[in-house]
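*Asks:* Before anything else, here's the structure in question.
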Amino acid sequence: MLSGLLAVLAAGWLAASPTPSPPPAPFHWKVPGLVSTLDVPGEMNVGNIPIRLQVYTSREPVERLLQSFATASDAAGLYIPRTTRRVARQPHLTALDTRTLTAYTVILNPSPDGFTTVVLGEARMDQKTAPSTPSLVPTYPGARHVLQGNFEGARTLSFWAPARTEQVETWYRERLLAAGYKEEEPLVFRRGQQELHLSLKVQHMGTNALLFIKTAGAEGASLHAAP
């Protein structure tokens, strides 16, 4: 679900046409059928844009939740693109506050027990910063829609590549093993305190890739610098 989340949040930032105005009250959506709330501390950084996440569990179905989010967004004066490219398999919707340059994206994941997991992301586009740290791993040649993320002890790299999944998998495996990583499980690599998960999926005549890098303690050396 993480790769879908990154893609959806990124796509929601591209529709802004802001006009200056006094800052409004923060947008708040009361989740219908709320069962529980998961506290997600800190901020995630994706594409150098800070993102806050909130995760809920609801007893309401996806259709009702989508309609509720759309109604609340419209009442708050947010802009909802009428035609958007679907960038994740999970139902999702993005609303943009053009006054504060804040994008709100809700992603819904129904479960077999009848409940729905609700992920609400808040992206502050006005706080975008320049890249401060290099990627820990190289990007596949010819990759497009490249996004880097940073959340506490974890780093992510996602992209789409015009290549078969086998080609992308082989390319990364060769470089990771040469850099001192060991493949402990299929597409799970470890070097010292650093663990890397590679997730690949066929999409649009190419491959969607997500690399999830978690480091215990201080961040490890980048793959570029490894002997």
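*Asks:* Only one of E183, E166 is assigned to a strand (DSSP E or B) and exposed (fewer than 15 other Cβ atoms within 10 Å of the Cβ); which?
*Replies:* Result of the check over E183, E166: E183.
*Asks:* Only one of K201, K214 is modelled with pLDDT of 90 or more and among the charged types (D, E, K, R); which?
*Replies:* On the way: K214 fails: modelled with pLDDT of 90 or more.
After applying the criteria, what remains is K201.
*Asks:* Going residue by residue through the stretch 127-149, is there one that turns out to be closer than 29 Å to L200 by Cβ, touching a Pro at 6+ places or on another chain (Cβ under 8 Å), at pLDDT 90 or above and among the aliphatic types (A, V, I, L, M)?
*Replies:* The answer is no; no qualifying residue exists.
For (1) under 18 Å from R144 (Cβ atoms); (2) over 24 Å from the mean Cα position of the chain (by Cα), each residue gets a yes or a no:
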site	(1), (2)
V168	yes, no
R191	no, yes
H197	no, no
L211	yes, no
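*Asks:* Could you give me the residue pairs with C-beta distances under 7 Å whose first residue belongs to the stretch 25-37 and is closer than 12 Å to T57 by Cα and assigned to a strand (DSSP E or B), whose second residue is modelled with pLDDT of 90 or more and small (G, A, S) wherever it lies, and which are 6+ apart or on separate chains?
*Replies:* That search, which allows pairs on different chains as well, returns L34/S58; V35/S58.
*Asks:* Mind checking which residues of the stretch 38-60 are at pLDDT 80 or above and in a loop (DSSP other than H, G, I, E, B)?
*Replies:* Once the filter is applied, which keeps residues that are at pLDDT 80 or above and in a loop (DSSP other than H, G, I, E, B), the stretch 38-60 yields R59, E60.
*Asks:* Taking the criterion of being among the charged types (D, E, K, R), at pLDDT below 95, closer than 22 Å to L211 by Cα and surrounded by fewer than 17 Cβ atoms within 10 Å (Cβ to Cβ), would at least one residue in the stretch 105-124 satisfy it?
*Replies:* no
The values are calculated or read from the model by the stated rules, or taken from the named source; none is laboratory data. Since the model is a prediction, treat every value here as computed from it, not as a measurement. Glycine gets a Cβ as well: all are built from the backbone with ideal geometry, and neighbour counts include every protein chain shown.
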